[in-house]
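A.B. asks: Take this structure, written in structure tokens, and hold onto it; I'll ask about it next.
Every read-out reported here was derived from the displayed coordinates using simple, explicitly stated rules and does not represent laboratory data. Because the structure is predicted, anything quoted here is derived from the model rather than measured. Note: ideal-geometry Cβ built from the backbone for every residue, glycine included; neighbour counts use all protein chains shown.
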Amino acid sequence: MPILSRSQDGDKSRGGDKNRGGDKNRGQDWGSPRPYRPVFLEATLRERQEVEALGAGALAGGYGEAQGRARNALFTTCANPGCGTGWLHLWRSRQAPVFEGGWSCSFACTAARVAAAVRRELDGRGLAAESHQHRIPLGLVMLEQGWITSGQLRQALDAQRVAKAGRLGQWLVRQHAVSEQLVTRALGLQWSCPVLPLEFHDAEAFTVLVPRLFVDAFGALPLRMAAGQILYLGFADRLDPIVALAVERMSGLRVESGLVQESLFGAAHARMLSAKFPAAELVEAVSEQAAARVLSKSIEQARPVESRLVRVHDCLWLRMWRRLQSGPMPEHGSIQDLICSVGTH
């Protein structure tokens, strides 16, 4: 059956229209070899034009600019290098989902790209970067600086050994050997990082940058942003470079980590945990393959205009943007997080 057909009473109904050139002109119109565009292609072109009219926009971290250029093309190329549909995907009207800056023409292509990203992220588990790094003990740092005496250090170590709990710095403060501020300075020297202030910390404003689970479990506290490009991430007694790197990759911001005085950190941490965070879903996967399936289905269902995947220790963090946006801070209602824990076997 032809895609386009003439009306059965076409000649008769048009015969009396002298302004249209009569039967002779109509015959040329219908019989000419001029190419026509099927209905479904017209719809596809209209959708492409609507996307172009929206403007390129920009997502935080630079993905948006590249995505805008891709979406402005007349026909978008599937980002899956193993895509087997060829030119057939040109006739598909779907504009989403977009994963890590690339559009997928089908669920199979989305699944293939997500599976590759899951392998990429999980291959990094157990590397030397995550192993314990030996640092100069805090007591020796403070002793070297002349902030405590050997007797004070010995007394604090004895109390810690008897109690079988608490950190050395806490025992030094309890015994009035040093102040809490001085302990924090010593920790900064131990970790080779700055001590960050907490003035004007707005907990509500930064809930869009780090999921609540990571703030709670890893003690990662977004403090402030500088020049729209640098995010300061605070910790209480030790840095977590894995969390800092994940936030940097996800947000596109440069993350600077530092320590916060413990008593001040505790109050700010509690305020942030009580704030409202964007929607997040927690799932468990027994294997790498199961994780890839769960993440692929979530992306296909949400149809985000952009999504990214990073690893945070044994978890995979998927963030999906529902609409294009500008600026480094995502809009609260425009993002959706999925955190997937993956089994070791």
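A.B. asks: In nm, to one decimal, how far is the modelled label at Lys164 from the one at Lys297, with both set 7 Å along Cα→Cβ?
C.D. replies: Once both label points are built, they end up 4.5 nm from each other.
A.B. asks: Taking the beta-carbon count within 10 Å as an exposure proxy, list Phe107, Phe214 from fewest neighbours to most.
C.D. replies: Phe107, Phe214
A.B. asks: Quick one: plug the Kirkwood hydrodynamic radius of the stretch 138-191 (C-alpha pairs) into Stokes-Einstein at 10 °C, 1.306 mPa s, and report D in µm²/s.
C.D. replies: On the way: Rh = 10.9 Å.
It diffuses with D of about 146 µm²/s by this estimate.
A.B. asks: How big is D for the stretch 145-250, in µm² s⁻¹ as a whole number, if Stokes-Einstein is applied with the Kirkwood radius of its Cα pairs at 10 °C and 1.306 mPa s? Can you show the working numbers first?
C.D. replies: Working: Rh = 15.8 Å.
Calculated translational D: 100 µm²/s.
A.B. asks: Hey, quick one: spin label on Ser192, modelled 7 Å out along Cα-Cβ, who in the stretch 234-271 has an amide N within reach, i.e. under 17 Å?
C.D. replies: Only 238-242, 245, 256-259 fall inside the zone, counting backbone N under 17 Å.
A.B. asks: Can you tell me the FRET efficiency between Leu157 and Ala217 if r is taken as the Cβ-Cβ distance and R0 is 35 Å, rounded to the nearest 0.05? Mind showing how you got there, number by number?
C.D. replies: Values: r = 29 Å, r/R0 = 0.84.
It comes out at approximately 0.75.
A.B. asks: For every other residue with a beta carbon closer than 15 angstrom to the beta carbon of Ala165, add +1 if it is Lys or Arg and -1 if Asp or Glu, then tell me the sum.
C.D. replies: Working: positive: Arg161, Lys164, Arg167, Arg174; negative: Asp158, Asp237.
Net charge in that neighbourhood comes out at +2.
A.B. asks: Order by neighbour count: Cys78, Cys193, fewest other Cβ atoms within 10 Å first, most last.
C.D. replies: Cys193, Cys78
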